[in-house]
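The values are calculated or read from the model by the stated rules, or taken from the named source; none is laboratory data. On a predicted model such as this, the values are computed, not experimentally measured, just so you know. FYI the Cβ positions are ideal-geometry reconstructions off the backbone, even for glycines, and counts take in every protein chain you see.
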Amino acid sequence: MVNKLYGIDFGTYAIKITRVHQGLCFHQKSVIASRGKDQIIAIGEEAYEMYGKQPEYINIDFPIRNGVVADYDKMLSLINCIAMDMSRAGDKMKGASFVVAVPTEVTDVEKKTFYDIIDSSIIRPKRIRIAEKPLADALGCGIDIEGSNGSLMVNIGADTTEISVISQGGIVLSRLCSCGGAKFDEAIIAAVRRMHNLMIGARTAEQIKIGLVNYTYGADAVMKAYGRDYMSGLPREREITTELVNKAVAEPLEYILEAVRSVLERIPPEISADVYRGGITISGASSALGGLADYVSQSTGLRVNIAPNGATSVVDGLSLIMEDERYTHLAKPLRRTYYEND
């Protein structure tokens with residue numbers, strides 16, 4: 001593979017880009033702020049800071065939803081802006097080759113959309129390859145995917161959770177569950193409303209989730225939250241406890257665990273033995289929740305491994321696919337029906 005080569009994990013709320021032999025070179029929120037249809041005001045973290053505070057004439061868009069491109073034009077604009085920003089910083093992507101991580105459980109048309117976004121951008125890529133996201137994720141977590149032992153991966157993203165069973169370099173089973181970190185935030189918003197009659201926004205809920213959720217035995221913390229009182233309509237401050245948010249997040253978390261159990265029920269007996277010995281590996285941004293390993297282990301009876309680099313495990317795996325000859329075969333062109341000149 002060539003030196004001017006990049007790996008992209010579009011994610012849902014964050015886009016990550018890595019360059020071969022150089023590592024992570026871009027990691028920001030997958031958000032775009034615009035005035036009207038065409039005037040781009042901000043992207044990434046700057047756009048996310050506006051979320052929930054913007055006036056009516058500014059639109060804040062998340063062009064990736066449920067793991068796939070929901071707004072093609074906005075996503076294309078976002079990629080173009082990223083390419084221009086990186087070029088100004090001295091990292092020119094124009095004419096480069098790309099490896100793009102895509103979820104397994106999406107349609108061929110949805111996979112092709114990721115390809116088309118890069119192909120139609122100002123980057124004018126030389127070549128585009130597709131890598132299965134669960135395989136990149138496992139590699140980024142340090143798992144030997146080429147070995148005969150089966151592994152169970154649970155990647156908890158923003159909108160979705162991808163559950164995959166991997167063995168001998170391939171995906172044995174995969175399921176995309178429509179629940180992720182955003183559902184945790186929604187559950188916290190609802191719990192704070194019920195308990196304190198306080199309306200909080202998604203960004204505040206995310207901060208509460210990061211700061212308070214902790215399933216470690218005896219964990220007890222308090223955090224101040226600011227929002228609007230439902231009764232008076234006035235700004236208010238309330239103290240939110242770990243106990244409250246733990247109970248709130250437990251419901252969507254249980255939905256994910258039900259999906260994990262349904263996958264476990266379908267895997268071959270020999271792989272079941274491997275999973276029992278090796279445990280479950282959890283990655284994704286939400287894998288950093290306090291005490292998550294304890295909670296999942298108690299629920300499933302299995303050992304749980306939390307990826308130390310959960311937020312970037314997929315893009316870390318893409319780096320290995322680009323750099324290590326043992327894994328370059330995992331980057332493949334789209335099917336020839338989707339025309340790649342290669």
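Note on segment 19-50: residues that are of a type in the set (Val, Ile, Thr) and within 15 Å of the chain's Cα centre (by Cα) total 1.
Return yes or no: is Thr204 surrounded by 13 or more Cβ atoms within 10 Å (Cβ to Cβ), among the polar types (S, T, N, Q) and over 21 Å from the mean Cα position of the chain (by Cα)? Considered against the rule, which asks whether it is surrounded by 13 or more Cβ atoms within 10 Å (Cβ to Cβ), among the polar types (S, T, N, Q) and over 21 Å from the mean Cα position of the chain (by Cα), Thr204 comes out as no.
Of the residues Val99, Val165, which is within 19 Å of Val20 (Cβ to Cβ), within 19 Å of the chain's Cα centre (by Cα) and not polar (S, T, N, Q)? So that I can check it myself, show each step before the final result.
On the way: Val165 fails: within 19 Å of Val20 (Cβ to Cβ).
Of Val99, Val165, the one residue that is within 19 Å of Val20 (Cβ to Cβ), within 19 Å of the chain's Cα centre (by Cα) and not polar (S, T, N, Q) is Val99.
Annotation note: of Asn214, Asn197, the sole residue that is within 24 Å of Tyr13 (Cβ to Cβ) and either exposed (fewer than 15 other Cβ atoms within 10 Å of the Cβ) or not assigned by TED's automatic domain parsing to the domain that holds Glu49 (or both) is Asn214.
Among Ser313, Ser319, which is within 20 Å of the chain's Cα centre (by Cα), more than 29 Å from Lys183 (Cα to Cα) and crowded, with 19+ Cβ neighbours inside 10 Å? Talk me through it step by step, then tell me what you get.
On the way: Ser313 fails: more than 29 Å from Lys183 (Cα to Cα).
Unique residue meeting the criteria: Ser319.
When you check Ile41 against the structure, is it crowded, with 19+ Cβ neighbours inside 10 Å and not in a loop (DSSP other than H, G, I, E, B), yes or no? Let's see the steps before the verdict.
Values: crowded, with 19+ Cβ neighbours inside 10 Å: no; not in a loop (DSSP other than H, G, I, E, B): yes.
Taking the combined requirement at face value, the residue does not satisfy it.
Here Thr113 passes the criteria (1) touching a helix residue (DSSP H, G or I) at 6+ places or on another chain (Cβ under 7 Å); (2) under 19 Å from Glu254 (Cβ atoms); (3) not assigned by TED's automatic domain parsing to the domain that holds Glu270 except the one numbered (2). Scanning segment 15-35 for residues that are part of a strand (DSSP E or B), in contact (Cβ under 8 Å) with a residue 60 or more places away in the chain, of a type in the set (A, V, I, L, M) and over 14 Å from Lys133 (Cβ atoms) gives Ile17, Leu24. The number of residues in segment 169-188 that are in a helix (DSSP H, G or I) and either free of Cβ contacts under 8 Å to residues at least 12 places away in the same chain or surrounded by fewer than 20 Cβ atoms within 10 Å (Cβ to Cβ) (or both) comes to 1.
The residue that is surrounded by the most Cβ atoms within 10 Å (Cβ to Cβ), counting only those in segment 138-156 that are part of a loop (DSSP other than H, G, I, E, B) and small (Gly, Ala, Ser), is Gly150.
Name every residue in segment 121-131 that is assigned to a strand (DSSP E or B) and either surrounded by 22 or more Cβ atoms within 10 Å (Cβ to Cβ) or of a type in the set (Val, Ile, Thr) (or both), in order of residue number. Walk me through it before giving the result.
Taking segment 121-131 first, the residues assigned to a strand (DSSP E or B) are 127-131.
Passing the criteria: Ile128, Arg129, Ile130, Ala131.
Residue count for segment 85-101 satisfying the condition of being under 17 Å from Ile15 (Cα atoms) and touching a Leu at 6+ places or on another chain (Cβ under 7 Å): 2.
Would you point out the residue of segment 253-284, among those that are part of a helix (DSSP H, G or I) and among the acidic types (Asp, Glu), that is surrounded by the most Cβ atoms within 10 Å (Cβ to Cβ)?
Taking segment 253-284 and keeping what is part of a helix (DSSP H, G or I), we get 253-264, 269-278.
Right, trim to among the acidic types (Asp, Glu) and you get 254, 258, 270, 274.
On the way: Glu254: 13, Glu258: 12, Glu270: 11, Asp274: 19.
Among residues in segment 253-284 that are part of a helix (DSSP H, G or I) and among the acidic types (Asp, Glu), the one surrounded by the most Cβ atoms within 10 Å (Cβ to Cβ) is Asp274.
For beta carbons closer than 8 Å, sequence separation of 6+ or different chains, a first residue in segment 207-220 that is closer than 14 Å to Lys247 by Cα and a second that is surrounded by fewer than 19 Cβ atoms within 10 Å (Cβ to Cβ) and of a type in the set (Ser, Thr, Tyr), the qualifying pairs are Leu212/Thr241; Asp220/Thr241.
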